[in-house]
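Asks: The structure follows.
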Amino acid sequence: MNKEIRFQVKEEMNGLPVKTVLSRYVHLSRREISRLKFTGGLLLNGESCRVTQPVIAGDELHLIFTEKDTAHAERILAKPEILYEDEDLVIVNKPAGMPCHPSHEHLDDDMGTLLQNYYGGHFTVRAVGRLDKDVTGIMIYGKNQPAAARLSKERQELKLHKEYLAIAAGVFKEKKGTLRYSLHKEPGRRTRMIGGEGSLCITDYEVIEEKNGNSLLRISIRTGRTHQIRAGMADFGHPLLGDKMYGGDDTLLWRPALHCTHVHLFQPFNHKEIDVVQEMPEDMKSLLK
């Protein structure tokens, strides 16, 4: 989907080159400015301009981020469960068993392709973060490149906040706490390993309910690493139910008992607060009955 931005030049910007205004006041990256320049999407008062051209108060910059049509997969998938949508982003509820983007094993049955088909393939959707294939819950996609870039930056700065619900084996001695550990991938293995010179992980948890010797947890992560919650809880002695990869009991659930239940973020251009909540799926609820 094409994204257009109109920006009015103010007094304090008098004499600055266009590229400085775009960087300092519109908060575009160098790559985004370059893209506008080479696609002809940079207009000053309705006419093409150079990025070195100076501006004066009252000028209008018109930015047009164009998207190529994307040929969508032949297989028509079901309608996505959309939880929130505007011109820049879409938030969906991802079911278990569905990857969040295409891979060599899943070329046409992932959430990204489902959305491409839903929108007719007229623009590219870009995943902001990810969920493992068998993990359920809220996923965010940008409908244009500038929106996806800003949402990714929000995520890095922890302005985009996610909460998860998980069911872990055992009863926690400390009902609330923070786990800090390093995580790395070993060549040839799908699992992540704790320790060594891996990436720092910070995981906050709180016990909400204890039942049948298991614990329902509310979890938030301050770092976004692959398998961060799953590997961290297993190393802590409380693997998630259903998570066979990390030693969890899969007799009652075929997948990890992990669900992204809440996201809080800011609309990337008008900065409106967005809150989305999605309740825990039935297969996890049944473990607590």
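Asks: Report whether or not Asp86 is surrounded by fewer than 20 Cβ atoms within 10 Å (Cβ to Cβ) and of a type in the set (Asp, Glu).
Replies: yes
Asks: Kindly list the number of the only condition in (1) under 17 Å from Val277 (Cα atoms); (2) free of Cβ contacts under 8 Å to residues at least 40 places away in the same chain that fails for Val125.
Replies: Here Val125 clears every test but (1).
Asks: Does Thr124 count as of a type in the set (Ser, Thr, Tyr), open to solvent by 20 Å² or more (accessible area, probe 1.4 Å) and modelled with pLDDT of 95 or more?
Replies: No, not satisfied.
Asks: Among the residues in the stretch 102-110, are any free of Cβ contacts under 8 Å to residues at least 60 places away in the same chain, of a type in the set (D, E, K, R), closer than 21 Å to Thr261 by Cα and part of a loop (DSSP other than H, G, I, E, B)?
Replies: yes
Asks: Return only the number of the condition from (1) touching a helix residue (DSSP H, G or I) at 6+ places or on another chain (Cβ under 9 Å); (2) surrounded by fewer than 23 Cβ atoms within 10 Å (Cβ to Cβ); (3) farther than 30 Å from Thr66 by Cα that Ala149 does not satisfy.
Replies: Result: Ala149 passes all but (3).
Asks: With the requirement that a residue be in a helix (DSSP H, G or I), more than 24 Å from Glu282 (Cα to Cα) and open to solvent by 20 Å² or more (accessible area, probe 1.4 Å), what does the stretch 217-238 give you?
Replies: Answer for the stretch 217-238, where residues must be in a helix (DSSP H, G or I), more than 24 Å from Glu282 (Cα to Cα) and open to solvent by 20 Å² or more (accessible area, probe 1.4 Å): just Asp235.
Asks: Against the conditions (1) in contact with a Leu (Cβ under 9 Å, 6 or more places away or on another chain); (2) among the charged types (D, E, K, R); (3) more than 26 Å from Arg155 (Cα to Cα), where does Lys244 fall short? Just the number, please.
Replies: (1)
Asks: A further question follows. Can you tell me how many residues within the stretch 239-287 are aliphatic (A, V, I, L, M) and loosely packed, with under 15 Cβ neighbours inside 10 Å?
Replies: Here the count works out to 2.
Asks: From the list Glu209, Glu197, which residue is open to solvent by 60 Å² or more (accessible area, probe 1.4 Å), assigned to a strand (DSSP E or B) and either over 30 Å from Gly142 (Cα atoms) or not β-branched (Val, Ile, Thr) (or both)? Walk me through it before giving the result.
Replies: On the way: Glu197 fails: assigned to a strand (DSSP E or B).
Of Glu209, Glu197, the one residue that is open to solvent by 60 Å² or more (accessible area, probe 1.4 Å), assigned to a strand (DSSP E or B) and either over 30 Å from Gly142 (Cα atoms) or not β-branched (Val, Ile, Thr) (or both) is Glu209.
Asks: If you scan the stretch 182-194, which residues turn out to be open to solvent by less than 80 Å² (accessible area, probe 1.4 Å) and more than 22 Å from the chain's Cα centre (by Cα)?
Replies: Glu186, Met193, Ile194
Asks: Here's another thing I want to ask about it. Being among the aliphatic types (A, V, I, L, M) and open to solvent by less than 20 Å² (accessible area, probe 1.4 Å), is that true of even one residue in the stretch 96-113?
Replies: Within the stretch 96-113, one or more residues are among the aliphatic types (A, V, I, L, M) and open to solvent by less than 20 Å² (accessible area, probe 1.4 Å).
Asks: Something else: Among the residues of the stretch 233-251, write down those that are under 26 Å from Glu174 (Cα atoms), out of contact with any Gly (no Cβ under 6 Å at 6 or more places or on another chain) and not small (Gly, Ala, Ser). Let's see the steps before the verdict.
Replies: Taking the stretch 233-251 as the starting set, the residues that turn out to be under 26 Å from Glu174 (Cα atoms) are 233-250.
Restricting the remaining residues to those that are out of contact with any Gly (no Cβ under 6 Å at 6 or more places or on another chain) gives 233, 235-237, 243-247, 249.
Correct list: Met233, Asp235, Phe236, Asp243, Lys244, Met245, Tyr246, Asp249.
Asks: Those residues that are in a strand (DSSP E or B) and either open to solvent by 90 Å² or more (accessible area, probe 1.4 Å) or modelled with pLDDT under 90 (or both), I need them from the stretch 158-181; list them, please.
Replies: Let us first name the residues in the stretch 158-181 that are in a strand (DSSP E or B), namely 161-169, 176-181.
Correct list: Lys176, Arg180.
Residue-wise test of (1) free of Cβ contacts under 8 Å to residues at least 12 places away in the same chain; (2) in a loop (DSSP other than H, G, I, E, B); (3) β-branched (Val, Ile, Thr).
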residue: Met245; (1), (2), (3): no, no, no
residue: Asp250; (1), (2), (3): yes, yes, no
residue: His259; (1), (2), (3): no, no, no
residue: Val263; (1), (2), (3): no, no, yes
residue: Asn270; (1), (2), (3): yes, yes, no
residue: Asp283; (1), (2), (3): no, no, no
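Asks: Between a residue in the stretch 14-38 that is over 14 Å from Lys153 (Cβ atoms) and any residue that is open to solvent by 80 Å² or more (accessible area, probe 1.4 Å) and part of a helix (DSSP H, G or I), which pairs come within a Cβ distance under 7 Å, given they are 6 or more apart or on different chains?
Replies: Ile33/Lys19
The values are calculated or read from the model by the stated rules, or taken from the named source; none is laboratory data. Computed from a predicted model, the values in this text were never measured in an experiment. Here the Cβ is made from the backbone with ideal geometry for all residues, glycine too, and neighbour counts use every protein chain on show. Just so you know, the surface numbers come from the protein's heavy atoms only, side chains and all, with ligands and any DNA or RNA stripped out. Shrake-Rupley method; radii C 1.70, N 1.55, O 1.52, S 1.80 Å.
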